[in-house]
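Since the structure comes first, as structure tokens, the remarks are kept for the end.
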Amino acid sequence: MRSILLDRPPPRRRDPGRTLLAVSAERTNWAGNLTYGATRVHTPSSVEELQDLVARTRRIRALGSRHSFSDVADTTGELVSVAELPPRVEVDAAARTVTVAAGLRYGDLAEELHRQGWALHNLGSLPHISVAGAVATATHGSGDGNGNLATAVAGLQLVRADGELVTLRRDEPDFAGAVVALGGLGVVVAVTLDVVPAFDVRQVVYDDLPLDTVAERFDEIFAAAYSVSVFTDWAGTTRSWVKHRVEDGDGWTPDPAWMGARLADGPRNPVPGMPALNCTEQLGVAGPWYDRLPHFRLGFTPSSGEELQSEFLVARDHAVEAFGAVAKLADRIAPVLQVCEVRTVAGDDLWLSSSYGRGVAGLHFTWTKDPEGVRPVLAEIERALAPYDARPHWGKLFTVDPAQVRERYPRLADFRRLRGEYDPDGRFGNAFLHRYLG
């Protein structure tokens, strides 16, 4: 096991995909907006090493691929990355599941799954994130009928506070509380996911989608394909990404003029000014699910790389009202915004999921890297969305009063009980959990 002191430049590694902190002299997350309070990151190479580390460390947190913009993974103790555990990918064809190492990136997992003829039901916008980190924060993707990434979890293996390796399965009590756990129950080392037979997707982009049409035909737009996203800069440019799942004998062809928009005549990037080369293939060319469901390609910088992000998820019943409330702030939002994505996610029963108990619409903001300029605008958005009980994405930036956040999760008391059982001394606790979970 290697331990890296974060207050001095670590040695450069040849494989930058293994653990991001190990190749960076900075003590920051991916966006650079957060400096970690920890002074050391451990990278055990075996589960046994991890168990020993957890058992003897007073305060420790698991660190994923550092794509969170909030301090959800931070700690004043020590950090541990599971990226150097053996890259396990074990398909059980009879059970239709795959068990994977927690630190594996979705992009790497997806390529191997597809090679074996299988797929995941959903993927996030970018394939660069780790499986365990995305699951722990209820990170999602898009599609009226698609649950977030955590809904595919059929089992977990984690190291709890006493160093014991515990296996949890979907049919066991409290499992729904352990999946989206924000790192509060232990360090996850393996995740078992549901899989489906591999499938192809055609992706097209529509330019100049009228914002009024989005509000007037919201349900129709987002039900139009397997996955639909609407991108707007709130200053006059609005596009829609439509991802159609290809079935056997499917003769689907895109409408050249859909919902008052025009079929794009070339590839696009959702983020204005960024190259289309960074994005997955468009123009209706059929291709494998893992190379169409994400917006961005694994080998390129996701989004813009210089940004801040926030996201709020509201019940589908209030989606149009919430969209309208944000639209009224367009003049305030546009100067500090790169792009806003609107998308939908199916409901689930995972206690701390932003989709718990209801299907949702997500309003995702990719901001300029200007914290002082973004902060007051973010507060205005939160006030506008407060009547709709918007749940902020755990891994993004938000300033919602912690008491309000707690009120929006009806199973929070049950999660506190579960956390007390797995981590009675608060070994995996941090300031973020204290603020928002109590």
Looking at the stretch 226-233, can you tell me whether even one residue there is among the charged types (D, E, K, R) and part of a loop (DSSP other than H, G, I, E, B)? yes
Restricting the stretch 93-150 to residues that are without any contact (Cβ under 8 Å) to a residue 24 or more places away in the chain and charged (D, E, K, R), the one surrounded by the fewest Cβ atoms within 10 Å (Cβ to Cβ) turns out to be ARG115
Subset of the stretch 281-291 (residues that are crowded, with 23+ Cβ neighbours inside 10 Å and either at pLDDT below 95 or in contact with a Pro (Cβ under 9 Å, 6 or more places away or on another chain) (or both)): TYR290
The stretch 318-426: helices (runs of 4 or more DSSP H) wholly inside it with 2 or more residues that are of a type in the set (D, E, K, R) and more than 30 Å from THR75 (Cα to Cα) are 330-333
When you go through LEU378, LEU329, LEU352 one by one, which is the residue that is in the same structural domain as GLU307 (by TED's automatic domain parsing) and surrounded by fewer than 20 Cβ atoms within 10 Å (Cβ to Cβ)? LEU329
Could you identify the single residue in PRO254, PRO294, PRO272 that is buried (at least 17 other Cβ atoms within 10 Å of the Cβ) and modelled with pLDDT under 95? PRO254
Of everything in the stretch 213-251 that's among the β-branched types (Val, Ile, Thr) and within 19 Å of TRP289 (Cβ to Cβ), which residue is farthest from the chain's Cα centre (by Cα)? VAL246
Inspect the stretch 377-393 for any residue being out of contact with any Lys or Arg (no Cβ under 8 Å at 6 or more places or on another chain), on the phi > 0 side of the Ramachandran plot and of a type outside the set (Lys, Arg) and give the result as yes or no. no
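Report, by residue number, each residue of the stretch 200-210 that is buried (at least 17 other Cβ atoms within 10 Å of the Cβ) and not in a strand (DSSP E or B).
Keep residues of the stretch 200-210 that are buried (at least 17 other Cβ atoms within 10 Å of the Cβ), which gives 200-206, 209.
Matches in the stretch 200-210: LEU209 only.
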Going residue by residue through the stretch 172-187, is there one that turns out to be part of a strand (DSSP E or B) and surrounded by 16 or more Cβ atoms within 10 Å (Cβ to Cβ)? yes
For the stretch 226-242, what are the residues that are in contact (Cβ under 8 Å) with a residue 60 or more places away in the chain and crowded, with 20+ Cβ neighbours inside 10 Å? TYR226, SER227, VAL228, SER229, VAL230, PHE231, THR232, TRP234
Return the total of residues in the stretch 355-367 being surrounded by fewer than 24 Cβ atoms within 10 Å (Cβ to Cβ) and within 15 Å of VAL135 (Cα to Cα). 1
List every residue pair whose Cβ atoms sit under 6 Å apart, with the two residues 6 or more apart in sequence or on different chains, where the first one lies in the stretch 383-407 and is farther than 20 Å from ALA319 by Cβ and of a type outside the set (A, V, I, L, M) and the second, anywhere, is modelled with pLDDT of 95 or more and loosely packed, with under 15 Cβ neighbours inside 10 Å. THR399/ALA379; PRO402/ARG435
Of all the strands (runs of 3 or more DSSP E) wholly in the stretch 30-112, which have at least 2 residues that are in contact with a Gly (Cβ under 6 Å, 6 or more places away or on another chain), modelled with pLDDT of 95 or more and under 26 Å from PHE296 (Cβ atoms)? none
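Please work out if THR213 is of a type in the set (Val, Ile, Thr) and more than 30 Å from LEU79 (Cα to Cα).
yes
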How many residues does the stretch 408-438 contain that are of a type outside the set (Phe, Trp, Tyr), in contact (Cβ under 8 Å) with a residue 12 or more places away in the chain and closer than 17 Å to ASP174 by Cβ? 10
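The values are calculated or read from the model by the stated rules, or taken from the named source; none is laboratory data. Owing to the predicted nature of the structure, the values given are computational and were not obtained by experimental measurement. Please note: Cβ atoms are built from the backbone with ideal geometry, for glycine as well, and neighbour counts cover all protein chains shown.
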